[in-house]
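Notes follow once the structure below has been shown.
The values are calculated or read from the model by the stated rules, or taken from the named source; none is laboratory data. This one's a predicted model, so the numbers in the text were calculated from it and none came from an experiment. In this analysis, Cβ positions are derived from the backbone assuming ideal geometry, glycine residues included, and neighbour counts consider all displayed protein chains.
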């Protein structure tokens with residue numbers, strides 16, 4: 001019997017994904033007002049947002065491992081912590097409670113964002129997964145839009161508590177909906193690449209593997225399935241490591257081990273296997289995953305730096321703070337639309353590498369335009385174009401990760417998000433040092449985008465091989 005995709009799970013996840021961004025960016029548009037209300041510096045208010053990427057870099061891998069081992073429990077924990085962080089901020093009208101709530105929510109963010117590939121792999125059929133990843137990722141950017149809209153509505157010191165109450169209610173409702181829609185395991189399960197490609201090796205390892213690995217209670221796996229999974233994880237790690245040789249820089253050998261990683265059981269029957277402690281080694285040992293991690297540094301870095309410093313860089317050209325905020329809002333809205341539509345079209349036309357090349361090249365051209373002719377019109381055109389083409393790169397990369405890694409998709413997604421946040425921190429620091437030299441700052445961002453173009457073009461062959469191995 002063919003199982004149908006369960007889209008309510010994607011809706012619940014999307015709401016919680018938006019909630020994480022809402023809590024993160026609540027004060028992005030009211031920094032000065034919030035500093036005055038809570039009696040702290042603007043830099044202190046900035047730390048309410050900066051704590052998120054800093055902790056993400058630290059927690060991305062541990063949270064990915066938790067998701068690979070206990071997916072639903074870890075995802076629900078992330079949703080609950082997000083809601084708890086939003087509620088904690090209501091306890092007291094001072095900066096200490098705000099910071100405590102932000103820290104709680106920032107711990108939760110990797111558990112939620114790393115799960116975008118896992119939720120689609122477990123609740124959607126293979127043909128629907130690119131759409132599910134696009135929707136889930138777009139919802140994350142939609143949360144940014146909601147945050148900007150709230151900060152545009154509640155602009156006075158006296159209205160900030162109302163904004164925090166609205167955020168808390170949204171987070172609690174989103175958490176309740178997610179818990180309800182994922183109360184049962186999804187009907188699909190990622191197939192382990194090693195088990196598909198090397199059944200003999202998997203059986204050999206399984207025979208020597210322990211059979212007492214812990215299991216998620218709701219999934220009720222049999223002991224022999226846990227044992228087989230441990231052996232499969234070991235085989236995947238060894239095979240990925242052996243493939244990453246100088247003679248095979250594109251990872252073609254490792255590609256051969258990734259036969260149909262995103263496949264489902266079809267009927268949903270059988271005991272889901274469990275990744276062992278080799279999940280991180282299996283993910284990082286894959287040359288394609290490493291390439292995607294390196295590539296993620298560049299578009300993430302440019303987008304974060306542009307979002308952080310666009311107002312300051314455009315101000316010498318006569319662009320007011322209000323106009324710059326509007327430009328950034330349009331930029332994110334364009335990114336939401338692009339992330340919801342472009343990855344689906346790209347997946348259907350098998351044009352992932354082409355889109356990455358086009359988006360990076362267009363981003364570089366847009367930054368050069370801002371360096372040569374900064375202004376309101378060029379700001380709107382260039383930064384909107386960056387949002388429309390650059391943000392969809394994330395769901396495209398995550399969809400490749402989901403197809404590639406199977407059971408280790410949480411860890412692999414964590415590597416991608418960690419790389420992206422690290423790139424954001426590095427590029428933002430570099431651009432921040434050039435904030436008094438706008439033309440130089442824009443040219444640096446253009447150069448960073450161009451550096452990634454050859455890497456994006458070189459992905460064409462391994463992506464084609466991955467696609468051919470994913471065919472039934």
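In table form, for the structure just shown:
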| item | result |
| --- | --- |
| Unmet criterion (only one of (1) assigned to a helix (DSSP H, G or I); (2) more than 17 Å from residue 288 (Cα to Cα)) for residue 410 | (2) |
| Any hit, the stretch 18-29, residues being closer than 19 Å to residue 163 by Cα, free of Cβ contacts under 8 Å to residues at least 12 places away in the same chain and in the same structural domain as residue 106 (by TED's automatic domain parsing) | no |
| Any hit, the stretch 308-320, residues being closer than 13 Å to residue 445 by Cβ, modelled with pLDDT of 90 or more and assigned to a helix (DSSP H, G or I) | no |
| Flag if residue 462 is farther than 19 Å from residue 359 by Cα and buried (at least 17 other Cβ atoms within 10 Å of the Cβ) | yes |
| Residues (without any contact (Cβ under 8 Å) to a residue 60 or more places away in the chain, surrounded by fewer than 24 Cβ atoms within 10 Å (Cβ to Cβ) and assigned to a helix (DSSP H, G or I)) located in the stretch 75-117 | 77, 81, 84, 88, 95, 96, 97, 99, 100, 103, 104, 107 |
| Qualifying residue in the stretch 326-346 (condition: free of Cβ contacts under 8 Å to residues at least 60 places away in the same chain, more than 19 Å from the chain's Cα centre (by Cα) and not in a helix (DSSP H, G or I)) | no |
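Here is a yes/no grid of residues against (1) under 30 Å from residue 69 (Cα atoms); (2) surrounded by fewer than 24 Cβ atoms within 10 Å (Cβ to Cβ):
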| position | (1), (2) |
| --- | --- |
| 328 | no, yes |
| 331 | no, no |
| 339 | yes, no |
| 371 | no, yes |
| 375 | no, yes |
| 390 | no, no |
| 394 | yes, no |
| 411 | yes, no |
| 419 | yes, yes |
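One line per residue, one yes/no per condition, for (1) at pLDDT below 85; (2) within 22 Å of residue 139 (Cβ to Cβ); (3) surrounded by 24 or more Cβ atoms within 10 Å (Cβ to Cβ):
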site: 19; (1), (2), (3): no, yes, yes
site: 36; (1), (2), (3): no, no, no
site: 39; (1), (2), (3): no, no, no
site: 54; (1), (2), (3): yes, no, no
site: 58; (1), (2), (3): no, no, no
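Yes/no matrix, rows are residues, columns are (1) buried (at least 18 other Cβ atoms within 10 Å of the Cβ); (2) at pLDDT below 60:
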residue	(1), (2)
135	yes, no
138	yes, no
141	yes, no
157	no, no
174	yes, no
186	yes, no
197	yes, yes
206	yes, yes
209	yes, yes
